Each structure stands twice: as structure tokens, then as C-alpha cells.
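For reference, the structure is listed below as C-alpha cells.
FYI, it's all coordinate maths here, none of it is from the lab. All figures in this text were calculated on a predicted structure; none of them were measured in a lab. Reconstructed Cβ throughout: ideal geometry from the backbone, glycine too, with neighbour counts over all protein chains shown.
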Amino acid sequence: MAGTGEIWPILLARHEEIRSITAIDISHQMHLHALDRLHKDRSSRIEHLEADFLANELPAAFADIAISSFGLKTLNRSQQAIFAKDLARILKPGGVFSVIEASDPEGWILRPFYRFYLDRILPLIEKLFLKGAQDFSMLGIYTSEFQNCSHLAACLQDEGLDVVQTRYFFGCATGLAGRKPAGREKPIKARR
């Protein structure tokens, strides 16, 4: 789910205390491509773990910070619960997390145009110009099924994490940020 790591340079620049990033992705080729194309000067600070995050073997209390950018929409509700459990397990007490995902902006007046773009235009662009790469053709289906981050927020809360949910771009994306309480602090309820 690490993909090509577009967020890594920002993370490393803003947090000088971060010594290394462990990128978890099922595809080793994706990681090699990311290092070659975007991260040559940072490659010594980025370790790749070729694994399915939903079945990873990272130790408990491993991470100070966990991020996911646009890697959750393919997870069904059961998988979101597994993701939440593993995220809570690998975060250190006091550790923080942030996720963002493309979403279905229900209630937005321009939603029909947004849906048309995701469902019809992006697949056509991909077919005509990207040689059928199928990077975007499923985006409409995924966002329709995923809806938004609300279910994941509830799963994370069930695991004892503090969670704040935010809508971006009129709901075309939703995000969650929060932390694992350090010690016996009472978790904060999710806000919408």
C-alpha cells in the first residue's frame, strides 16, 4: 500500500527526527520504480517490506508515525477492521497516524458530474492514452463501494485510537488523523 511514496519527501522534510521510512507494499517492483523515479537521493532512508499490510509481521509498537495516501479504497469493511487492528498494534503509545482516500461526495450538488468523470471519462482516458493500464478504470467502482472513511474511523475507534475525520474537496476525499493514547488516556470520539 506504500505505492510510489509521493508523500515521503514531505514527511522527511517536515520531520527531521525521522531517520527512516518502512514502506509496506505487496509489489517489490512498485518500490524499485518509486526509488528509481522519485527517491534516488533518499533511498538509504527508505526500507521496503514486501508484504500485505493485512497480514504483516511487524512487531507491536513498531511505528511512531503511520500514513496511507489513497491506498484504502480497495478494502472492504472486513478488511478495514483488520487494517484498524494492525494499525493499532504497530503504533507505539503516543504514535500518530494519518490516512486520506478518494471518496464518494454524497450530498454535493456537483456529485453527478464527479461520478461521470470517475466512471466514464477516466477509464476512457486510460484506454486511449495509457494503453489500458487499469490504474484509473476501477476508481469509480472503488469510490462507490468505499463511500468514505467513516467505517474505518469507527473501526479505529473500536481499537482504542483517537480519531478525527475530515472531508476534503466537498467530500471527494476524506481523511482520518489521530493517535494511539499513551498510557491510560481515554480515547477521543471521532468527529465528523
1/(1 + (r/R0)^6) with r = Cβ-Cβ of Glu47 and Ala182, R0 = 30 Å, i.e. FRET efficiency to nearest 0.05, evaluates to 0.75
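Using 0.36 nm times the number of residues separating His15 and Gln29, minus their current alpha carbon distance, what extension gain do you get?
Values: separation 14, 0.36 × 14 = 5.04 nm, distance 2.73 nm.
That pair, His15 and Gln29, stretches by 2.3 nm at full extension.
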For the stretch 1-51, the charge dipole (Cβ of Lys, Arg +1; Cβ of Asp, Glu -1; about the Cα centre) points to a positive end, and the Cα of Pro9, His48, Ile26 closest to that extreme belongs to Pro9
Filtered pair list for the chain (Lys only, Cα < 28 Å, 8 or more apart or interchain) has a length of 14
Rounded to a whole number of µm²/s, how large is the Stokes-Einstein D of the stretch 59-192 at 37 °C and 0.692 mPa s, given Rh as the Kirkwood radius over C-alpha pairs?
208 µm²/s
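Beta carbons within 10 angstrom, averaged per residue: use that to sort the peptides 7-17, 152-162, highest first.
Working: 7-17: 12.1, 152-162: 20.5.
With the highest mean Cβ count within 10 Å placed first, the list reads 152-162, 7-17.
Arrange the following residues from fewest to most other Cβ atoms within 10 Å of their Cβ: Asp36, Asp64.
Numbers: Asp36 10, Asp64 13.
By the 10 Å Cβ count, ascending: Asp36, Asp64.
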For the stretch 51-78, list residues with backbone N below 14 Å from a point placed 7 Å from the Cα of Thr22 toward its Cβ?
51-67
At 222 nm, what value in deg cm²/dmol follows for the chain if DSSP H runs of at least 4 each add -39500 (n - 2.57) and the sum is divided by all its residues, to the nearest 500?
-9500 deg cm²/dmol
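Calculated FRET efficiency, Arg115 and Ser78, Cβ-Cβ r, R0 22 Å, to nearest 0.05? It would help to have the intermediate numbers written out before the result.
On the way: r = 26 Å, r/R0 = 1.16.
Approximately 0.30, to the nearest 0.05.
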With each pseudo-label sitting 7 Å past Cα toward Cβ, what's the Lys85-Thr4 distance in nm, one decimal?
3.4 nm
Can you tell me, using C-alpha contacts under 8 Å and at least 6 residues apart, the relative contact order of the chain as a whole percent?
20 percent
